[in-house]
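Some notes on the structure that comes next.
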Amino acid sequence: MKRRGLFNLQTPLDLLSKAEHDLVRLRRDPTDAYAAFDFFVAVRHLPDWLYPSDKSLRKALFEKHVELRIARHIADGSKHFEATHAQNIQVAGTSAE
């Protein structure tokens, strides 16, 4: 039988729980790049998990919620080393001080 997701991460609610877990890690140590990466990537992909077959609904969520656009910009930049897509205009940069 083919399973979706990864281990116990199989539903949008599971991914939301993972993002909440990652946020706790990030709040514990705001300079933890691993926790930041995990959090922003999880949040960025919530619309994909909610509406895997409906691009217009995913797009509507991003248009409605600036927080998702910020997460997308940070996640895409961290996953691909550079956020070059024209949609990524929310974040000027990231750094640890």
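Looking across region 29-40, the residues that are in a helix (DSSP H, G or I) and open to solvent by 30 Å² or more (accessible area, probe 1.4 Å) come down to ALA33, TYR34, PHE37, ASP38, PHE39, PHE40. Within region 58-80, the set of residues being surrounded by fewer than 18 Cβ atoms within 10 Å (Cβ to Cβ) and of a type in the set (Asp, Glu) comprises GLU63, GLU67. Which of the residues that make up region 36-80 are modelled with pLDDT of 85 or more, within 12 Å of the chain's Cα centre (by Cα) and among the small types (Gly, Ala, Ser)? Scanning region 36-80 gives ALA36, ALA42, ALA71, ALA75.
Here's the yes/no breakdown for (1) assigned to a helix (DSSP H, G or I); (2) crowded, with 16+ Cβ neighbours inside 10 Å; (3) not small (Gly, Ala, Ser):
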site	(1), (2), (3)
GLU20	yes, no, yes
ALA42	yes, yes, no
LEU46	yes, yes, yes
SER56	yes, no, no
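Search region 81-97 for residues being open to solvent by 60 Å² or more (accessible area, probe 1.4 Å) and within 21 Å of ASP22 (Cα to Cα), and hand back the single one that is modelled with the lowest pLDDT. If we take residues in region 81-97 being open to solvent by 60 Å² or more (accessible area, probe 1.4 Å) and within 21 Å of ASP22 (Cα to Cα), then PHE81 is modelled with the lowest pLDDT.
The values are calculated or read from the model by the stated rules, or taken from the named source; none is laboratory data. Worth saying up front: this structure is predicted, and the values here are computed from it rather than measured. Methodologically, a virtual Cβ is constructed for each residue, glycine included, from the backbone with ideal geometry; neighbour enumeration extends over all protein chains shown. The accessibility values were calculated without ligands, DNA or RNA, using every heavy atom of the protein model including side chains. Shrake-Rupley method; radii C 1.70, N 1.55, O 1.52, S 1.80 Å.
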